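*Asks:* Pasting in a structure now, in structure tokens, and then I'll have a few things to ask.
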Amino acid sequence: MTRHLPEDVRRKQILDAARRCFIEKGYFPTRVEDIAAEARLSKGGIYFHFDSKRQIFETLVREEYRESAAFLAEASRAEGDFGTMLAEMARHYLEFFRARPDYPRFFMVMGEMAGRDPEVRKMLAELQAEYTRAIAAVIKKGIESGAVRPLDAEAVAMLLKGIVDALEGYIAIGVAMDTERLLAVGMEMLNHGLLKKDGG
């Protein structure tokens, strides 16, 4: 007999099981029966919490973005040196992805679905735009404080998000990374640029 658990705990159990199934099998081959077996529940137990496999997938996508956005919002409220804040944000993402390789691997499943399904593509585009605006707000804060040159904050945010997504992809396929080395070089590039100045 399935032990009774609080609804939020049971819901997380289903979502975690679904993520594992989507990563290992892909979205389309995964059946609700597979998710139920992975979660050690009946199909009825799955349908009690979610209407369909599609709803489970979309919930996973939105919750992953929500979790990252919550951290970004918290970081943007932090006081102190702007450069240090950026470095800590970068360290958080790199260490989180390295500790939880299932998240970057699910990111690849999301990309595959976006390539096949116009509705998923639209949802991801909206979430990416929302997240990029949140990064831009952090950049604007740096501009207002005088710590960042007056650049196009939205363009900078899109470039930074692209770097994060690329690193997430590297981690997903198992590329080994030296977090401290990446942070050191990244901050050096942010602080001093990439090109040598005349006479430098």
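*Asks:* Direction-averaged shadow area of the convex hull around the Cα atoms of the range 1-77, nm²?
*Replies:* Hull-based average projected area comes out at 5.8 nm².
*Asks:* Would you work out the charge dipole size for the chain about its Cα centre, treating the Cβ of every Lys and Arg as +1 and the Cβ of every Asp and Glu as -1, and quote it to the nearest 20 debye?
*Replies:* 440
*Asks:* Computed FRET efficiency, Cβ-Cβ of Leu194 and Thr84, R0 22 Å: what is it to the nearest 0.05?
*Replies:* Working from the Cβ atoms, E equals 0.55.
*Asks:* Under 8 Å for C-alpha pairs, at least 6 residues apart: give me the relative contact order for the range 1-50, rounded to a whole percent.
*Replies:* Relative contact order comes out at 35 percent.
*Asks:* On C-alpha positions alone, give me the angle between the axis of helix 118-145 and the longest principal axis of the chain, in degrees, nearest 10.
*Replies:* Its long axis makes an angle of about 30 degrees.
*Asks:* If I take the Cα coordinates of the range 58-138 and project them onto the principal axes, what are the three extents in Å, biggest first?
*Replies:* The Cα atoms of the range 58-138 stretch 44, 26, 17 Å along their principal axes.
*Asks:* Using a basic spin-label model with each label point 7 Å from the Cα along Cα→Cβ, how many nm lie between Leu159 and Ala184?
*Replies:* Between Leu159 and Ala184, the simple spin-label model gives 2.4 nm.
*Asks:* Here's a follow-up. Provide the FRET efficiency to the nearest 0.05 for the Arg116-Tyr170 pair, computing r from the beta carbons and using R0 = 41 Å.
*Replies:* Step by step, r from the Cβ atoms, then E = 0.95.
*Asks:* Along the charge dipole of the range 57-192, Cβ charges K/R +1 and D/E -1, which of Met113, Ile143, Gly169 sits furthest on the positive end?
*Replies:* The Cα lying farthest towards the positive end belongs to Ile143.
*Asks:* Counting only helical runs of four or more DSSP H residues, what would the 222 nm mean residue ellipticity of the chain come to if each run contributes -39,500 (n - 2.57) and the total is spread over all its residues?
*Replies:* Only helices count here, giving -25500 deg cm²/dmol.
*Asks:* Can you run the Rg to Rh ratio on the range 114-162? Use alpha carbon positions and the Kirkwood inverse-distance Rh.
*Replies:* Here Rg/Rh amounts to 1.15.
*Asks:* Still on this structure, I have one more. Between 0 and 90 degrees, rounded to the nearest ten: what's the tilt of helix 82-99 against the longest Cα principal axis of the chain?
*Replies:* With both axes taken from Cα atoms, the answer is about 30 degrees.
*Asks:* I would also like to ask the following. Quick one: work out Rg over Rh on the C-alpha atoms of the chain, Rh as Kirkwood radius.
*Replies:* For the chain, the value is 1.04.
*Asks:* Continuing with this model, one more query. Roughly what angle does helix 153-172 make with the longest principal axis of the chain, taking Cα atoms, 0 to 90 degrees, to the nearest 10?
*Replies:* Here the helix axis deviates by roughly 50 degrees.
*Asks:* Using label points projected 7 Å from each Cα along Cα→Cβ, tell me how many nm separate Glu126 and Glu95, to one decimal.
*Replies:* Here the modelled spin labels are 3.5 nm apart.
*Asks:* Students often get this wrong, so check it: of Lys161/Lys196; Lys141/Lys196; Lys43/Lys161; Lys12/Lys141, which have C-alpha atoms separated by over 29 Å?
*Replies:* Too far apart for the 29 Å limit: Lys43/Lys161; Lys12/Lys141.
No value in this document is a laboratory result; all are computed from the given coordinates. Computed from a predicted structure; not experimentally measured. Every residue, glycine as well, gets a Cβ built from its backbone with ideal geometry; the counts of neighbours run over all protein chains shown.
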